[in-house]
Amino acid sequence: MQCCIGQCENRTEPEEGEQECDNDSAQSTRHSRINGWSSPLHLFQIFAWLVSFYFVVMTFGIFVPLLPYQWKPAGYICISLAMCYHAVVHIATISVDPADLNVRIKKSYRNPIPAFDRSKHEHVIENLHCHLCSVDVGAKSKHCRYCNKCIAGFDHHCNVLNNCVGQRNYWLFINTVTSALLTLLFLLAVLLYIFIQYFQEPHILRTDPHFSRVNDSDTWLLFLPFASVHTTGPSLVAIVGVTTLLSLLCTTMLLDLLCFHIYLRFCACRPATAVGKHMSTYEYNVWQRQKLEAMESSTGGNRQTDSQQQPVTAEQVLLQEQHSTLPIPNPLDSSIGLTDLHNQLPQMLNSNDLTPMSRASM
């Protein structure tokens, strides 16, 4: 999920050639962010809130009221529980301060953070000491350049949560992704049922008592039972279709993200530089970058070896031209004497133009 884990988001310190840009960013944002509620809010975070609000309004305002009478309680209960649980863990993941213990104990978020000076230190964290936070940190702690503090058990910085995911909120993050995925699966089941019944048996979707006041079978009521907004059948199908596509897109992204973290947790082969029992997203990206650089260096070395081969000299080219232009006399030609043929025979045998058959015939 690129909006949550991207290659640039996992770089915890400025790289070569980016010192000026990152120093400018550090000058403009000199204070550390506490959690996901700290300003500035990320655009992906606001977009995720708007999409969640759209799903809530569409689910309880349009789709669940269209279910048959015997299925409505199950629809309300299952989707409500999933959404409420997702809201709780989502808010908890945003609210947790994932900073390292020493950062939370010794560091005051009111104090500004100086810009990183690469002329004094090669890395932000050296010998388990952060030069920006001025504290000793754990082995898996990394300094996030977005939150501007060291994160305990750093995994990645999530733009959707506007917060870092680390040791203190990793399982809350996994529960957030899982609950959102479960909610979308419930919603997709309801949407699929409505779409099929609309074309096969549409009267099953009109069991609400408010439909008894509608005489036209092509008129549908939305936002029941609190409001009765009239619409047409094609409009209802369009709303169901747009919501289905949006749900499938979000489900695909969340499923991909969840499978990626399951792979890191149980299936990924830990590199020698990994710390702990399981590989983090940051360690995975660093490992992949190192593998790519190793492949590029090996490819460049092979090309350099090929280019360093001994070139053909001018004497060798001239000798090849002389051999290629050497005439091959015909023994049956009467104009050539036996003496001349005997004198040219060694040159003919040394010529590269003679094939094994011609030499055998001679």
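The values are calculated or read from the model by the stated rules, or taken from the named source; none is laboratory data. Keep in mind the model is a prediction, meaning the values are calculated, not measured. Because the Cβ atoms are built from the backbone with ideal geometry, glycine has one as well, and the counts that use them run over all protein chains shown.
Take the conditions (1) surrounded by 16 or more Cβ atoms within 10 Å (Cβ to Cβ); (2) outside any loop (DSSP other than H, G, I, E, B); residue 252 misses just one of them, which is (1). In the range 47-68, the residues that are in contact (Cβ under 8 Å) with a residue 12 or more places away in the chain form Cβ pairs under 9 Å with partners that are of a type in the set (D, E, K, R), at six or more places apart or across chains, as follows: 64/72; 65/72; 65/208; 66/206; 66/208.
Of all the residues in the range 162-176, those that are among the hydrophobic types (A, V, I, L, M, F, W, C) and buried (at least 24 other Cβ atoms within 10 Å of the Cβ) number 3. Contact map, the range 27-39: residues that are modelled with pLDDT of 65 or more paired with residues that are of a type in the set (Val, Ile, Thr) and buried (at least 16 other Cβ atoms within 10 Å of the Cβ), Cβ distance under 7 Å, separation 6+ or inter-chain. Pairs shown: 31/113; 32/113; 35/94; 35/96; 36/94; 37/94. Consider the range 177-220 and keep the residues that are of a type in the set (Ser, Thr, Tyr) and surrounded by fewer than 13 Cβ atoms within 10 Å (Cβ to Cβ). The one that is farthest from the chain's Cα centre (by Cα) is 212. Is it true that some residue in the range 99-106 is surrounded by 17 or more Cβ atoms within 10 Å (Cβ to Cβ), farther than 30 Å from residue 180 by Cα, in the same structural domain as residue 184 (by TED's automatic domain parsing) and touching a residue at least 12 places away in the same chain (Cβ under 8 Å)? Checking the range 99-106: at least one residue is surrounded by 17 or more Cβ atoms within 10 Å (Cβ to Cβ), farther than 30 Å from residue 180 by Cα, in the same structural domain as residue 184 (by TED's automatic domain parsing) and touching a residue at least 12 places away in the same chain (Cβ under 8 Å). Only a single criterion out of (1) aromatic (Phe, Trp, Tyr); (2) farther than 30 Å from residue 137 by Cα; (3) free of Cβ contacts under 8 Å to residues at least 60 places away in the same chain is not satisfied by residue 263, namely (2).
The set of residues in the range 199-218 being modelled with pLDDT of 90 or more and farther than 13 Å from residue 68 by Cβ consists of 199, 200. Residues in the range 72-83 that are surrounded by 15 or more Cβ atoms within 10 Å (Cβ to Cβ) and either outside the structural domain of residue 191 (by TED's automatic domain parsing) or of a type outside the set (Gly, Ala, Ser) (or both): 72, 76, 78, 79, 83. The condition (being of a type in the set (Gly, Ala, Ser) and in contact with a strand residue (DSSP E or B) (Cβ under 6 Å, 6 or more places away or on another chain)) is satisfied by just one residue among 74, 99, 115: 99. Inspect all residues belonging to the range 83-91 and state whether any of them is at pLDDT 95 or above, assigned to a helix (DSSP H, G or I) and over 21 Å from residue 174 (Cβ atoms). No - not one qualifying residue is present in the range 83-91. For the range 171-194, the condition of being in contact with a helix residue (DSSP H, G or I) (Cβ under 9 Å, 6 or more places away or on another chain), touching a residue at least 24 places away in the same chain (Cβ under 8 Å) and under 14 Å from residue 97 (Cα atoms) holds for at least one residue.
The rows are residues; the columns are (1) farther than 14 Å from residue 62 by Cα; (2) in contact with a Ser or Thr (Cβ under 7 Å, 6 or more places away or on another chain); (3) assigned to a loop (DSSP other than H, G, I, E, B); (4) outside the structural domain of residue 51 (by TED's automatic domain parsing).
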{"site": "186", "(1), (2), (3), (4)": "yes, no, no, no"}
{"site": "191", "(1), (2), (3), (4)": "no, yes, no, no"}
{"site": "196", "(1), (2), (3), (4)": "yes, no, no, no"}
{"site": "199", "(1), (2), (3), (4)": "yes, no, no, no"}
{"site": "204", "(1), (2), (3), (4)": "yes, no, no, no"}
{"site": "216", "(1), (2), (3), (4)": "yes, no, yes, no"}
{"site": "220", "(1), (2), (3), (4)": "no, yes, no, no"}
{"site": "224", "(1), (2), (3), (4)": "no, no, yes, no"}
{"site": "230", "(1), (2), (3), (4)": "no, yes, no, no"}
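Annotation for the range 225-245: at least one member residue is modelled with pLDDT under 90 and of a type in the set (Gly, Ala, Ser). The condition of being in contact with a strand residue (DSSP E or B) (Cβ under 7 Å, 6 or more places away or on another chain) and part of a helix (DSSP H, G or I) holds for only one of 282, 263, that being 282.
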